[in-house]
Amino acid sequence: MLKQLEGSVAIAETVAYCRPEVVCAYPITPQTHIVEGVGALVKSGVLSNCEFINVESEFAALSVAIGASAAGARAYTATASQGLLFMAEAVYNAAGLGLPIVMTIGNRAIGAPINIWNDHSDSMALKDAGWIQLFAESNQEAVDLHIQAFRLAEELSCPVMVCVDGFILTHAYERIDVPTQEEVDAFLPPFEPVQVLDPTEPYSIGAMVGPEAFTEVRYLGHQKQLQALHLIPEIAKVFQDVFGRETGGLVHPYRTENAETMIVALGSINGTIKDVVDAMRESGTAIGSIGVCSFRPFPLEALAKALDGAKRVIVVEKSLAPGLGGMLTSDVRMSLLRQAIPVHTVIAGLGGRPVTGVSLTAAFELAVNDQLEDVHFLDLDHAAIEHEVERSRLTRKSGPTAENILRRLGSGV
Amino acid sequence: MSDTSATQRVKFYQTGTHTVGNRLLDEADRTVQASMERANAITSGHRACQGCGEALGARYALDSAMRATEGKLVAVNATGCLEVFTTPYPETSWQIPWLHSLFGNAPAVAAGVAAAFRVKGREDVRVVAQGGDGGTADIGFGCLSGMFERNDDVLYICYDNEAYMNTGVQRSSATPPAARTATTPAVGDAPGNVFGTGKNLPLIAMAHNIPYVATASVANLHDLEAKVEKAMGMRGARYIHVMVPCPLGWGSASDATINLARMAVESGLFPLFEAEHGAVTKTNKIRHQIPVADYLRPQLRFAHLFKKDRENTESLQRIQRMADANIKRFDLLEDGGSAQ
C-alpha cells in the first residue's frame, strides 16, 4: 500500500510484517526510529507473539538475538556506527554459529571525531565478519530488502545486514509502497532452524574448534556466501513475482550500454549518480553506473560482466581505508583481474558531507579527460588541510586536530 | 528447615571433623549424586584438573537444576575453564542443550534463549547461565546487570575461583588482597594483589532487588543443591555465587579443595547466605570461627605471607579484619559460638 512515511517507520512496519519473535533494542542515532517503531507495534498489539527487549548495550542486543536465534526464534535488531563496533565480537560470533539474524544498519560515520552523520565506515569495518551485507539504494528498496533478508538468512542459516544510509534514507519522508501482511506471509515461510536448543534432543553449540577443523568451518561460511550469489537473484525474482517490483539482486546497472566511463557505488548515492549519468549522457558522454546491492557476497562475476568494455571505472566510496584509499575499490579491482581497466577512487560524503551532482560531474569529467588522480577526495578543503599541517609544524604542542580545524572554520579565516 | 541452613533440620558431623556425612542423612535428604536417579548434566571424561572445584560445583548445581526442572533445562556458558574442559569436541560432557557464545555475554544470550522459549509458549523449559569470576565480575558485568535489571527469567551461577585460571591465573576483580597471581606477583613492598575495596557480586546482585541471591560452597553440597533447587522454583533473575577452589591457581593440593572451601566459610571470609528481593533471609552459621591464617597457609598464592621468621602480620591482620567484618555484617556466629 502506498504511504507517505519516514524511511525508518516504513522499515519498522515491514520488519513487523516479517513476524520477528524476538527484537532487541538499544538506541543509537540514526537507527533509533526503527526499533522505536517496532517497539510501538509490539506494545500496541499490532505485532503479536514478539518479545521486545530493551537491552543495556549493542553488545547485549546482538547477544540476546544470538540466544533467541539459537533457541529457534526469528530474531531481529538494528544498530549503527559505534553500536556496530561495540557489538563487533558478537557480529563474528553470530556468523560463526550460523544464526540467521537480520540486522538493520543505519549507516553512520565512526569517531573520533564523533559524528552522527552518514557514511559507510561502520558496516565496512565488519564487512568480512561472515554476514551477508545488502545495501539499499532507496527507502523502497530498504523495505523490500528486509523481507528478502529474512528469507535469505533463514534459507542459508547465515546472518544478514541490511545497510540503509543514515538520515538520507532513515529520516527521509517519501512515498513508499509498504507491503501488506498477506503479501509478506505469501513470500516469507515460517522459520525452520537447522539447529536449535531443545531438551528432547540435546547437543552442544559453540564448542572449541582447533586447527583440525577450523579451516573447514570457515570455508563452509565462505561457501554459504558463494551460494548466496545464486540465491540473492533467485529470491529477487520470486519477490518480483509476489510484489511486482524489481528490487534487490546483486547489482543494478544503469545506462551501461556502450559506456566508456563506468561509476560504481553502494547505497543511496546511486540516486545522485544516476542523475549525473543522465545529464552527462545528454551532453554526449558515454557514461553509465552500477549500484552494488550485494556487497557481501561480492558479485565478482556479475560486476566483471557489467564493466566489460569500459575504458575506465570510478568507484565512489563513502568510506576510507587510511593508508590505502578505497575499500570497495579493492574489491572492484578484484573483479577486473582479467580486464586491464584503470580504476579510480572518489572518496565522498564522509561524516555526512553532501555529495552534490556538481562535484560528482566535475570529478567524472576529469576522469573522462584522463586527469582524475587514483584516489580523489571530493570537495576536500585544501586550505584547511594546509593550515593545520603548517600550524602543527610550527609547534610541538599543537593540540587536538579536529577542534583546531573547527575553530579556524568558526573564526571565518 | 532450620533458620541457619537451606537444607538440614539436624546437622550430622563425622567425628573429629565438620564433614556432613551423606550416609547419616535420610534417603530423601541425601545428595543427588548418591542416587541412581541422578540427573547427570555433566558426565565424566571432561578435562578438568584433578581437584577442580568448578567441575564439582557445576556438576552439583546443574544436576540439581535438572532435577528441579525434570530435565527441561538449557545451559548457556561464558568462555572459561568450564566451557573449555567440558567440550573437547568431538566429545562433550553436556547431557543438556548447551550454548557457548562469548566471554562477556552469557547473561544476555541466556536472556535471549529464555525470551525465545517464552514466545514459543515453552516456559516449562528453563535457562541457566554460568561463568567464572572473570566472566561474571569483570567482562560480563554489564550484561549481568542488564539481565538483573530486566528481571529476565534466568538463573546465573558464578563459579568463583578468584582469578582468570583458564588463561593462566591472572588477577580478576574477585581476587582477594595479597593473593599472588601472574599479574600480581609476590614481589616488592606490597606483594600480591592490592588491598582494594573489593567487588562483592552477591551484594551487587542484591542491590538489583532480584527475587533470589545466594552464596554457596563446594564444601557444603547439600546446601548448594538446595539453593539451586529453590532458585529453580522461582521465576525472574536469580543469582548464585559458588566458591570453587582451584588447585592450579591457588597452589593447593588437589585433595585440599573441599577443606579449603570449608575453611573459607568457617573463617568468615566467604559467608554463606540467601537473600530475596534485596534482603538477607538466611545465613549459614559458624560454630567456631577459625583464624584466616589457617585457611591461607596451605595455599601457595599466599606463601609470601608466611615466610620463615618473617610472617607478614600486617597483611594477615588486615585479612582477619575482613573476615571479622563479615561475621558482624552477616551475623554469622552461632549462639554460643566462638570468634577469633
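Could you grab me the full set of residues in the stretch B:281-340 that are in a strand (DSSP E or B) and under 30 Å from residue B:209 (Cβ atoms)? Matches in the stretch B:281-340: B:281, B:282, B:283, B:286, B:333, B:334. Can you name the residue in the stretch B:105-139 that is part of a loop (DSSP other than H, G, I, E, B) and under 20 Å from residue A:22 (Cβ atoms) and, of all such residues, is nearest to the other protein chains (Cβ to nearest Cβ)? Out of the qualifying residues, it is B:105.
The criterion of at least 3 residues that are small (Gly, Ala, Ser) is met by the following strands (runs of 3 or more DSSP E) wholly inside the stretch A:276-388: A:287-292.
Which numbered condition trips up residue A:278, out of (1) farther than 26 Å from residue A:167 by Cα; (2) more than 21 Å from the chain's Cα centre (by Cα)? If we test residue A:278 against (1) farther than 26 Å from residue A:167 by Cα; (2) more than 21 Å from the chain's Cα centre (by Cα), just (1) comes out false.
Every test in (1) touching a residue at least 40 places away in the same chain (Cβ under 8 Å); (2) surrounded by 22 or more Cβ atoms within 10 Å (Cβ to Cβ); (3) at the interface with another protein chain (Cβ under 7 Å from one of its Cβ atoms) is passed by residue B:82 save one, and that test is (3). Within the stretch B:63-94, the set of residues being small (Gly, Ala, Ser) and either more than 13 Å from residue B:128 (Cα to Cα) or not in a helix (DSSP H, G or I) (or both) comprises B:71, B:75, B:78, B:80, B:93. Checking A:259, A:186 one by one, the residue that is assigned to a loop (DSSP other than H, G, I, E, B) and more than 14 Å from chain B (Cβ to nearest Cβ) is A:259 and no other. Pull up the stretch A:34-77, narrow it to residues that are more than 11 Å from every other protein chain (Cβ to nearest Cβ), outside any helix (DSSP H, G or I) and more than 23 Å from the chain's Cα centre (by Cα), then point me to the one that is surrounded by the most Cβ atoms within 10 Å (Cβ to Cβ). Step by step, filter the stretch A:34-77, then rank; the result is A:47. Within the stretch B:282-290, can one find any residue that is more than 30 Å from residue B:236 (Cα to Cα) and out of contact with any Asp or Glu (no Cβ under 8 Å at 6 or more places or on another chain)? No, every residue in the stretch B:282-290 fails to be more than 30 Å from residue B:236 (Cα to Cα) and out of contact with any Asp or Glu (no Cβ under 8 Å at 6 or more places or on another chain). Within the stretch B:140-174, restricting attention to residues that are part of a loop (DSSP other than H, G, I, E, B), among the polar types (S, T, N, Q) and within 13 Å of chain A (Cβ to nearest Cβ), the residue that is nearest to the chain's Cα centre (by Cα) is B:166. Is it fair to say residue A:227 is polar (S, T, N, Q), surrounded by 13 or more Cβ atoms within 10 Å (Cβ to Cβ) and within 14 Å of chain B (Cβ to nearest Cβ)? Judged against the criteria, residue A:227 is not a match.
On the given criteria, is residue A:178 among the β-branched types (Val, Ile, Thr) and surrounded by 16 or more Cβ atoms within 10 Å (Cβ to Cβ)?
Criteria met by residue A:178.
May I ask you to say which residue of B:264, B:256 is farther than 27 Å from residue B:72 by Cα and in contact with a strand residue (DSSP E or B) (Cβ under 8 Å, 6 or more places away or on another chain)?
Among B:264, B:256, only B:264 is farther than 27 Å from residue B:72 by Cα and in contact with a strand residue (DSSP E or B) (Cβ under 8 Å, 6 or more places away or on another chain).
Being surrounded by fewer than 24 Cβ atoms within 10 Å (Cβ to Cβ), on the phi > 0 side of the Ramachandran plot and not assigned by TED's automatic domain parsing to the domain that holds residue A:401 is a property that does not hold for residue A:111.
Matching residues to (1) in contact with an Asp or Glu (Cβ under 8 Å, 6 or more places away or on another chain); (2) free of Cβ contacts under 8 Å to residues at least 60 places away in the same chain; (3) under 28 Å from residue B:130 (Cα atoms):
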{"residue": "A:15", "(1), (2), (3)": "no, no, no"}
{"residue": "A:94", "(1), (2), (3)": "no, no, yes"}
{"residue": "A:97", "(1), (2), (3)": "no, no, yes"}
{"residue": "A:101", "(1), (2), (3)": "no, yes, yes"}
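Candidates in the stretch A:205-229 are the residues that are among the small types (Gly, Ala, Ser) and assigned to a loop (DSSP other than H, G, I, E, B); of these, the one that is farthest from residue A:301 (Cα to Cα) is A:207. For residues in the stretch B:89-104 being touching a residue at least 40 places away in the same chain (Cβ under 8 Å) and at the interface with chain A (Cβ under 7 Å from one of its Cβ atoms), which is nearest to residue B:148 (Cα to Cα)? Here the residue is B:96. Would you call residue A:375 touching a residue at least 60 places away in the same chain (Cβ under 8 Å) and closer than 30 Å to residue A:299 by Cα? In short, no.
The values are calculated or read from the model by the stated rules, or taken from the named source; none is laboratory data. All of these numbers come straight from a predicted model, not from anything done at the bench. Every residue, glycine as well, gets a Cβ built from its backbone with ideal geometry; the counts of neighbours run over all protein chains shown.
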